1. Quickly run through segment 45-66 and pick out the residues that are on the phi < 0 side of the Ramachandran plot and either touching a residue at least 60 places away in the same chain (Cβ under 8 Å) or among the hydrophobic types (A, V, I, L, M, F, W, C) (or both).
2. Provide a single number: the residues in segment 158-196 that are surrounded by 12 or more Cβ atoms within 10 Å (Cβ to Cβ), under 26 Å from P45 (Cβ atoms) and out of contact with any helix residue (DSSP H, G or I) (no Cβ under 8 Å at 6 or more places or on another chain).
3. Between G71, G92, G53, G96, which is closer than 30 Å to A187 by Cα, over 13 Å from the mean Cα position of the chain (by Cα) and at pLDDT below 95?
4. Mind counting the residues in segment 89-109 that are surrounded by 17 or more Cβ atoms within 10 Å (Cβ to Cβ) and either touching a Lys or Arg at 6+ places or on another chain (Cβ under 8 Å) or free of Cβ contacts under 8 Å to residues at least 12 places away in the same chain (or both)?
5. State yes or no: is Q43 under 19 Å from F177 (Cβ atoms), of a type outside the set (A, V, I, L, M, F, W, C) and not in a helix (DSSP H, G or I)?
6. From the list D120, D58, which residue is within 14 Å of A34 (Cα to Cα), touching a helix residue (DSSP H, G or I) at 6+ places or on another chain (Cβ under 9 Å) and at pLDDT below 95?
7. For segment 167-181, indicate whether the set of residues that are of a type outside the set (D, E), in contact with a Leu (Cβ under 7 Å, 6 or more places away or on another chain) and modelled with pLDDT of 95 or more is non-empty.
8. Take the residues of segment 52-80 that are of a type in the set (D, E, K, R) and assigned to a loop (DSSP other than H, G, I, E, B): which is surrounded by the fewest Cβ atoms within 10 Å (Cβ to Cβ)?
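The values are calculated or read from the model by the stated rules, or taken from the named source; none is laboratory data. All figures in this text were calculated on a predicted structure; none of them were measured in a lab. Counting neighbours? That spans all protein chains shown, and the Cβs are built from the backbone with ideal geometry, glycine included.
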Amino acid sequence: MTDSVSSLRTAISACTVCEAALGFAPRPVVQFSATSRILIIGQAPGTRVHASGIAWDDDSGARLRGWLGIGEATFYDPAQIALMPMGFCYPGSCKGGDNPPRKECAPLWHDRLLAVLPRDRLMLLVGTYAQARYLPKGQFASMPEAVRGLGATPGAVMALPHPAWRSVIWMRERPWFESEVLPELRARTARLLGAP
C-alpha cells in the first residue's frame with residue numbers, strides 16, 4: 001500500500017532511527033509532493049541546513065539553482081521540485097568535512113517517497129552517493145562520464161557533480177559541462193516546469 005504524502009511527511013519528520021549513532025537530535029530535511037516532476041537526490045544536509053531546516057540553504061544550493069536556471073520560489077515549491085537526500089539528517093563532521101550520509105535513510109525511505117511522486121519525472125543525481133545508488137553498476141567508469149553521458153542522452157535521469165565550491169575547479173577542467181550539459185539541464189527543467 002502506498003503512503004499518502006501527508007502521512008509520509010509526518011513519518012519522516014518523526015524519524016529517530018539514527019539518533020543514537022549521531023549523538024544529537026536528528027532533523028530530517030526533505031521536500032516533496034504528489035506533483036513534483038523534478039526530483040533532486042543529493043547527499044545530506046550540512047551544518048547550515050541542519051540549523052535552518054531548509055534543504056540546500058547554502059552556497060551549494062545557490063549554485064545548483066543557477067545550474068537549473070530557476071529561482072528560490074520555484075526551487076522551494078514542493079508542487080514542482082522534490083528534494084530527497086541520500087541521508088535526510090546532518091551526519092555530523094569528521095576531519096576534513098562532514099561524515100558520509102547515514103546509510104539507514106535510503107533503504108528506509110527512498111522507495112516509499114518515490115512511490116508518491118509522478119512517474120514522468122526527471123531525476124537529478126547530484127554527487128557520487130546518489131549516482132552509486134541509482135546508476136547501474138558499471139554503466140559509467142567515472143562520475144564525469146556519467147555527467148556527460150546522461151547529459152547527452154535524452155531520458156529521465158541526469159547526473160551532476162556536487163555543487164560545492166570545488167565544482168568551480170571541476171567545471172574549469174571540464175568546459176563541456178557548461179557548454180553541453182547545463183543547456184540540456186535547463187531545457188529539461190523548463191519543459192517539466194512548463195516554462196516557455
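1. Result: V49, A51, I54, A55, D59, S60, G61, A62, R63, L64.
2. The number of residues fulfilling the criteria is 2.
3. Unique residue meeting the criteria: G53.
4. Within segment 89-109, residues that are surrounded by 17 or more Cβ atoms within 10 Å (Cβ to Cβ) and either touching a Lys or Arg at 6+ places or on another chain (Cβ under 8 Å) or free of Cβ contacts under 8 Å to residues at least 12 places away in the same chain (or both) number 4.
5. Criteria met by Q43.
6. On the way: D58 fails: within 14 Å of A34 (Cα to Cα).
After applying the criteria, what remains is D120.
7. Checked against the condition, which is being of a type outside the set (D, E), in contact with a Leu (Cβ under 7 Å, 6 or more places away or on another chain) and modelled with pLDDT of 95 or more, segment 167-181 yields no hits at all.
8. The residue in question is D77.
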